[in-house]
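Have a look at the structure below, then the notes.
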Amino acid sequence: MFKSKKDTVYVVLAGIFITNAVVAELIGGKLIHVGSAVMSVGILPWPVVFVTTDLINEYFGEKGVRKLSLITASLIAYCFVLLYAALKIPAVNGPNLVSDAQFTAVFGQSMWIIVGSITAFMVSQLIDVSIFHFVKNRTGNKMIWLRSTGSTVISQLFDSFIVLGIAFWMTGKMTTEVFIISAFTGYFVKLIIAILLTPLIYLGHSLIEKYIHAN
């Protein structure tokens with residue numbers, strides 16, 4: 001059993017954080033249209049990661065976020081190893097069975113997504129936690145929205161360009177023009193969703209406070 005209620009909170013937030021991060025890597029190879037631009041569908045779980053990152057920042061500080069970021073990056077790398085092994089093992093041929101070509105088409109691209117995402121993830125998380133605590137040190141416990149949104153605005157600009165750059169531009173799957181448009185599109189989509197989810201951060205604060213201080 002956990003030693004305290006805060007331990008329980010950390011495990012729950014870590015579970016949400018890790019699950020969404022890993023799922024984002026696995027589905028990231030699928031591109032969708034946003035207007036005339038394209039965007040990786042792997043962007044969809046990331047706003048949930050932003051919310052949990054901010055809550056962990058609030059209650060467990062920089063060390064809590066950095067520790068969880070390293071654990072998550074290691075688990076994503078572990079997924080990379082398992083995917084690589086699965087791609088190398090021949091599939092059973094037969095009707096209604098997944099062929100090697102089909103499996104590779106889905107998960108082969110995910111391997112590059114994972115390489116790009118691990119790099120982008122670590123860079124953006126370090127930037128996010130630094131900006132978050134820079135703002136918090138100057139505003140105290142006030143203006144939660146400012147440190148949450150402000151850290152996301154800057155960190156996700158780096159994230160969007162790094163992950164697409166490695167996964168799609170460097171592999172020749174995107175031209176430079178498409179890469180730039182797609183990176184900005186993904187960035188603004190994540191930013192809009194993150195802003196819309198700001199009330200969830202306040203709700204999360206309220207629920208955690210009630211849980212921790214309940215008799």
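A few points about this structure:
- Counting only protein heavy atoms and a probe of 1.4 Å, the accessible surface of segment 90-143 is 66% carbon and sulfur.
- Taking I32, I18, I201 as the candidate residues, the one with maximal mean-square fluctuation in a Gaussian network model of the chain, Cα springs under 10 Å, is I32.
- Sequence-distant residues sharing a close amide H with V34 (under 5 Å, placed H): M39
- Computed from the Kirkwood radius of its Cα pairs, the Stokes-Einstein diffusion coefficient for segment 88-182 at 10 °C and 1.306 mPa s stands at 100 µm²/s.
- Segment 132-215, accessible area per residue, ligands and nucleic acids excluded (1.4 Å, Å²): 56 Å²
- Across segment 101-155 the C-alpha pair distances fall into 10 Å bins from zero in the proportions 24, 31, 20, 16, 8, 1 percent.
- Cα-based equivalent ellipsoid, segment 139-215: semi-axes from gyration tensor eigenvalues, Å: 35, 12, 10
- Cα extents of segment 2-50 along the three principal axes, largest first (Å): 51, 17, 7
- Proportion of all alpha-carbon pairs of the chain beyond 22 Å (%): 53 percent
- Across K3/K142; K142/K190; K30/K142; K88/K173, pairs whose alpha-carbon gap is larger than 28 Å: K3/K142; K30/K142
- Cα gyration tensor category, rounded, prolate or oblate, for segment 41-91 with a/c compared to 1.5: oblate
- Rounded to 10°, Cα long-axis angle of helix 46-88 versus longest principal axis of the chain: 20 degrees
- Straight-distance candidates among the aspartates and glutamates for linking to K63, with alpha-carbon spacing under 16 Å and chain neighbours fewer than 8 residues away dropped: D7, D54, D128.
- Count Lys and Arg as plus one, Asp and Glu as minus one, and take only other residues whose Cβ is under 12 Å from that of I201; the net charge is then -1.
- Most mobile listed residue (A37, A91, A77) in the chain, GNM with C-alpha springs under 10 Å: A91
- Of the residues L87, A77, V135, the one whose Cα sits farthest towards the positive end of the charge dipole of the chain is V135 (charges of +1 on Lys and Arg Cβ, -1 on Asp and Glu Cβ, taken about the Cα centre).
The values are calculated or read from the model by the stated rules, or taken from the named source; none is laboratory data. From a predicted model like this one, the values you see are computed outputs, not experimental measurements. Every residue, glycine as well, gets a Cβ built from its backbone with ideal geometry; the counts of neighbours run over all protein chains shown. Note: areas computed on protein heavy atoms with side chains; ligands, DNA, RNA excluded. Shrake-Rupley method; radii C 1.70, N 1.55, O 1.52, S 1.80 Å.
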